[in-house]
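Undergrad: Quick one: this structure, given as structure tokens, is what I'll be asking you about.
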There are 2 protein chains.
Amino acid sequence: MNIKIEIPEWLQIDTEQIFTNEKEKMKLAIEFAKKSIDRGGGPFGAVIFLDNKAIAAGANLVVKEKLSILHAEIVAIMLAQKKFKTYDLSKIGLFELYSSSEPCAMCLGAILWSGIKSVVFGAKREDAMAVGFDEGPVFEQSWEYLQNKGIKVKGGVLRNQVKDILLLYKKTGGVIYSP
Amino acid sequence: MNIKIEIPEWLQIDTEQIFTNEKEKMKLAIEFAKKSIDRGGGPFGAVIFLDNKAIAAGANLVVKEKLSILHAEIVAIMLAQKKFKTYDLSKIGLFELYSSSEPCAMCLGAILWSGIKSVVFGAKREDAMAVGFDEGPVFEQSWEYLQNKGIKVKGGVLRNQVKDILLLYKKTGGVIYSP
């Protein structure tokens, strides 16, 4: 028996475009969050960059694939690792993960094991919780733990743009799928 | 593009056998940890039960599938959700997860989103760390968070048996794949 996860076509990315700053990179993650909502998915997007090029994009596929682990960050990490054929991206280069919202407890742990060495997020934990999503047990010490392992962490980039999207999702009756 | 995860045949389970107590259940999780080592995988096994029957088994497939998220618990959760066609197992019944070692930060979060309502583990965080595995940012409050969400948590069942397996893995030169 195998597990098959269908990655929708709209998660394909232009791998040639150069992104010169963090706002541009975050805009792309936000774009995938929007595309996800338009297709009935959760309001979250994530993109992994290497050498300022996008190499994998993820969106929340929990409802579509009926798998609770398929947060945007997890989808992006799996795609990046499949692409580079390694469970440890740090062996290949300095990968950066941009996520439209602060990673939840599960994704924070997944980042640690992925070999990604930089995480940037837009909306913060409390913004996602304000629309009804649970973020799990993430504490200040949790992010410090990652930083002590050499992972750069930055939150709040284009935060207000993401907050607007989260609020729109709530208004239009999007599924809140935390159990 | 799709993501395909090959589930090895040796993870198949007898779904008819009735397990009457927690030690029997843990023994099965330990059996899969041992099978995993014999096949060059990480020394971790997990089994999900419903109504005292095993419904899905997982082992650590990180190295084999080149995906860092594929801890034993994650594999078992994905198989259970695929089997019952839902991202929220709590809608089906009272599922129990037995894991040979204490779930890491990622798996702890994944349990919360899976709809599983009971977690039992054998070896503790410090036992896995003693042989070189990183467990990530898991604090006392992390487990309390799950308990506050109605999830039962119990550690240390057949702990010494699992510790012996972890030590054996280290002695025989097993891969420590935390980045």
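Since every read-out is calculated from the coordinates, none of them should be taken as a lab result. Here the structure is a predicted model, which is why all the values come from computation and not from measurement. Counting neighbours? That spans all protein chains shown, and the Cβs are built from the backbone with ideal geometry, glycine included.
Undergrad: Compute log10 of I(q)/I(0) for region B:57-102 with the Debye formula, placing one identical point scatterer on every Cα and leaving out solvent, at q = 0.22, 0.28 Å⁻¹, to two decimals.
TA: Normalising to I(0) and taking log10 leaves -0.78, -1.03.
Undergrad: Oh, and also: Got a sec? Charge dipole of chain A, +1 on Cβ for Lys and Arg, -1 for Asp and Glu; which of A:Met129, A:Gly155, A:Val119 is way out at the positive end?
TA: My answer, from the dipole projection, is A:Val119.
Undergrad: Evaluated at 20 °C with a viscosity of 1.002 mPa s, what Stokes-Einstein diffusion coefficient in µm²/s does the protein assembly as shown have when Rh comes from the Kirkwood expression over alpha-carbon pairs?
TA: In µm²/s, the coefficient is 106.
Undergrad: Hey, another quick one. Rg and Dmax of region B:1-52 over Cα atoms: what are they, in angstrom?
TA: Just the Cα atoms of region B:1-52 yield Rg and Dmax of 12.9, 43 Å.
Undergrad: A further question follows. Quote the Stokes-Einstein diffusion coefficient, in whole µm² s⁻¹, for region A:92-135, based on the Kirkwood radius over alpha carbon pairs, a temperature of 37 °C and a viscosity of 0.692 mPa s.
TA: D, rounded to a whole number, is 296 µm²/s.
Undergrad: Which of the pairs A:Lys91/A:Lys124; B:Lys83/B:Lys117; A:Lys53/A:Lys170 have their Cα atoms more than 20 Å apart in this structure?
TA: Pairs exceeding the cut-off: A:Lys91/A:Lys124; A:Lys53/A:Lys170.
Undergrad: In whole Å, how far is the Cα centre of region A:98-155 from that of region B:60-81?
TA: 21 Å
Undergrad: Separate question: Run the label-point distances for B:Lys83 please: 7 Å along Cα to Cβ, every other copy, nanometres, shortest first.
TA: Between copies, matching label points for B:Lys83 lie 3.4 nm apart.
Undergrad: Something else about it: If you place +1 on the Cβ of every Lys and Arg and -1 on the Cβ of every Asp and Glu, how big does the dipole about the Cα centre of region A:19-175 come out, in debye to the nearest 20?
TA: 420 debye
Undergrad: Next up: Please report, for A:Gln147, the nm distances (one decimal) from its label point, 7 Å out from Cα along the beta-carbon direction, to the equivalent points in the remaining copies, shortest first.
TA: Distances to the matching label points in the other copies: 2.9 nm.
Undergrad: Find every distance from the label point of B:Asp164 to the corresponding label point in the other copies (7 Å from Cα along Cα→Cβ) and write them in nm, one decimal, shortest first.
TA: Values, ascending and in nm: 6.3.
Undergrad: Return the ratio Rg/(2.2 N^0.38 Å) for region B:112-179, where Rg is computed over Cα atoms only.
TA: Rg over 2.2 N^0.38 Å, computed on Cα atoms: 1.26.
Undergrad: Sticking with this structure for a sec: Please rank B:Ile55, B:Ile13, B:Ile111, fewest neighbouring Cβ atoms within 10 Å first, as an exposure proxy.
TA: Listed from fewest to most nearby Cβ atoms, that is B:Ile13, B:Ile55, B:Ile111.
Undergrad: Rank these for me by crowding, B:Trp113, B:Trp10, A:Trp143, going from fewest to most other beta carbons within 10 Å.
TA: Placing the least packed residue first, the sequence is B:Trp10, A:Trp143, B:Trp113.
Undergrad: How much mean residue ellipticity at 222 nm does the protein assembly as shown get from its helices, if each DSSP H run of length 4 or more adds -39500 (n - 2.57) and you divide by all residues, to the nearest 500 deg cm²/dmol?
TA: -12000 deg cm²/dmol
Undergrad: If amide H atoms are built 1.01 Å from N in the plane of the peptide, which residues on other chains or at least 5 residues away come under 5 Å of the amide H of B:Val119?
TA: B:Leu97, B:Lys152, B:Val153, B:Lys154
Undergrad: Can you give the convex hull volume of the alpha carbon atoms of region B:31-179 per residue, in Å³?
TA: That works out to 101 Å³ per residue.
Undergrad: Once the piece of chain linking A:Lys4 and A:Ile18 is laid out straight, how much longer is it, given 0.36 nm per residue of separation minus the C-alpha distance between them?
TA: Here the answer is 1.9 nm.
Undergrad: Is any helix in chain B, taking whole DSSP H runs, at least 27 angstrom long along its axis by alpha carbon and on average at least 0.0 on the Kyte-Doolittle scale, and which ones?
TA: Membrane-span-like by this rule: not one helix.
Undergrad: How far apart, in nm, are the 7 Å Cα→Cβ label points at A:Gln141 and A:Lys91?
TA: Between A:Gln141 and A:Lys91, the simple spin-label model gives 3.3 nm.
Undergrad: Charges on Cβ only, +1 for Lys and Arg, -1 for Asp and Glu, centred on the Cα centroid of region B:66-179; of B:Cys107, B:Ala72, B:Phe95, which one is farthest towards the dipole's positive end?
TA: Value computed over the given set: B:Phe95.
Undergrad: How big is the dipole moment of the protein assembly as shown about its Cα centre under a simple scheme where the beta carbon of each Lys and Arg is +1, that of each Asp and Glu is -1, and everything else is neutral? Debye, nearest 20, please.
TA: Computed charge dipole of the protein assembly as shown: roughly 280 debye.
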